[in-house]
Amino acid sequence: MCVDSDLTWESHIQYLTDKLSRLCYAFRVLTKITPMEVLKSVYFGYVQSLLSYGIIIWGSSSKISRVFKLQKRILKIIKQVPIRSNSKEIFTELEILPIPCI
């Protein structure tokens, strides 16, 4: 069995970023009509499951920063804070692991 030395996971990362971008919009809509606990449940049901699927294999990709940026954006939308605000405090407050720690 041979593993491709040029394996970049580009198509999987692109799939994830497309999905997460669509979820950003969904969370913008949901934040207006649902409480925080429901938003966290939706996050764990959709976002966390997408991020954790096969992460042992694709998690060391050089393109993971694109996924991490979208994860932070979704959490900032959930907390309704400006996009430029510090995300470390949000991860701690919501008790969610950032993608590099998963």
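The values are calculated or read from the model by the stated rules, or taken from the named source; none is laboratory data. Treat the numbers as computed from the prediction; the structure is a model and nothing was measured. Using ideal geometry, Cβ is built from the backbone for each residue, glycine included, and neighbour counts are taken over all protein chains shown. Surface areas here come from the heavy atoms of the whole protein model, side chains and all, with no ligands, DNA or RNA. Shrake-Rupley method; radii C 1.70, N 1.55, O 1.52, S 1.80 Å.
Here is how the numbers come out for the structure above:
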| item | result |
| --- | --- |
| Residue ID - nearest to I78 (Cα to Cα), chosen from residues in the range 26-52 that are open to solvent by 70 Å² or more (accessible area, probe 1.4 Å) and in contact with a helix residue (DSSP H, G or I) (Cβ under 9 Å, 6 or more places away or on another chain) | R28 |
| Test result for S60, among the small types (G, A, S) and either in contact (Cβ under 8 Å) with a residue 12 or more places away in the chain or surrounded by 12 or more Cβ atoms within 10 Å (Cβ to Cβ) (or both) | no |
| Residue tally, condition closer than 16 Å to S49 by Cα, open to solvent by less than 60 Å² (accessible area, probe 1.4 Å) and free of Cβ contacts under 8 Å to residues at least 40 places away in the same chain, over the range 71-102 | 3 |
